[in-house]
Amino acid sequence: ASRIAGIEVETFSIGFGRRIAGFKKGRTDYRISLIPLGGYCRFHGEQSFRKAIEEKLDYIPGNQGEFYNASPFKRIFVSFSGPLANLFFAVIVFTFISWIGFQEYYTEPKVILASNWSEDNKLWPADTAGIESGDYIVSVDGKDVGKFNELRRLLVFRPGETIRLTVNRKGRLIPLVIKPELDKESGTAIIGVLNWIDPLIAEITPGSAASDDGFLPGDRILSVNGIKTAHTVAFYNTLTRLNGNDISIQVERNGLRVNLPVKRAEEISSGITFQVISGRSVKLNFYQALAKGFNETYDNLYSTVKGLRMLFMGIELQNAVSGPVRLISDTGAVVAEGFKNGIGAGFLWSFELMSLISVSLAFINLLPIPVLDGGQIVLFLYEIIRRKNLNPKLVYRYQFIGTIIVLIIAVAATTGDMIHFNSR
């Protein structure tokens, strides 16, 4: 974009932070930086801006190829190209993932009413809508739902909206209407359901309490101290209520019932991984994959916009909004979980996560905050409307205000992260 606009680029970086690799061609340093999220360009002409401030000029002197020597229309074009590149990065990654196919792990949209397991007898939207434990939610506003994560994604940013659901109850399709409520702590819409996962053991961690007590992959947990456990929520809830006192767990193994006395009940669940559905995604041809890449990018951009709107709905910002520390922690956890399922899955999860963050960065950069691309575009539009060159003092003050705003947001987010981790 800068070449089209006739602006020289001093640094072209993929990622942010410290330079880890690259080369120099002409006047441009092409580099890969430490943090692989988006990227940036440093344009030729910053010295002219500093000179205008130091010499108290009422204009920014510019030579051929310098940023402020270009017309405001060209500067707007260049400023917009950064966020656009972030979006294209996401489209490319989502297209590639859909094109090659991938191993996926998921659970069915079978639900349990949270009210069945809460101590405060609270009624949730799911209760008032008529959902029952054991129902499969198979569509949301006419969109088919095949996975529990899809259900969550279709509802998460829609608090207070009237939504049509279809549930499969013992083979009967039943239409229902629900209105999710806003969870102020998480900043998301909730309906009061949990995921029904059968207590069928897929893996046992070697050396764990579960391994020492004789649990094996393939065991189905039937009861804890005689209390039936039809799903994992019942299993965990029963363990918590019994609080580690003289626990015996009955499992079904090869058609037989086996009772296993538990020595370290408080540690037993950490060594058990329950069975989920796995399989290869459907490989799409290139054009189908490209269409899905654009659709996925649009959906994530739309979710980002909806998420920003929810910041003004009275949510608890400290818990609902992640700062850099929590973002790094959550990113590491997601990537680690991906690599547990194999190297290929780990890389795919990593690139998909980078795409999601890249979409969010594109939107954030277009916000009309000084120093961000959106703020720069507003400034250049102001220049077009006034039909006068920008005053360097105005630009300096504008960028100074933007820097202060960004610093305040960064400090607040980081402080919130520290409070969040200390309270855990």
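Each reported figure results from applying straightforward, stated rules to the coordinates on display, with no laboratory input. This one's a predicted model, so the numbers in the text were calculated from it and none came from an experiment. Here Cβ is always computed from backbone atoms with ideal geometry, including for glycine, and neighbour counts include all displayed protein chains.
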Stretched out fully, how many nm does the piece from Phe88 to Ile404 gain, at 0.36 nm a residue minus the Cα gap? 110.8 nm
Fewest-first ranking of Leu176, Leu154, using other Cβ atoms within 10 Å as the exposure measure: Leu176, Leu154
Could you give the dipole magnitude of region 201-275 about its Cα centre, charging the beta-carbon of Lys and Arg +1 and that of Asp and Glu -1, in debye to the nearest 20? 240 debye
So which GluC sites (Glu not before Pro) in region 140-216 are both in a DSSP loop and have at most 14 other Cβ atoms within 10 Å of their Cβ? Glu161, Glu185
Separation of the Ile384 and Leu256 label points, Cα + 7 Å toward Cβ, nm: 7.9 nm
R0 = 45 Å: FRET efficiency of Arg153 with Arg50, Cβ-based, nearest 0.05? 0.45
Mind jotting down the distance between the C-alpha centroids of region 349-387 and region 215-251, whole Å? 51 Å
Reachable aspartates and glutamates, given that their alpha-carbon falls under 20 Å from the alpha-carbon of Lys179 and they are not under 8 places away in the same chain: Asp127, Glu132, Asp135, Asp141, Asp144, Glu150, Glu161
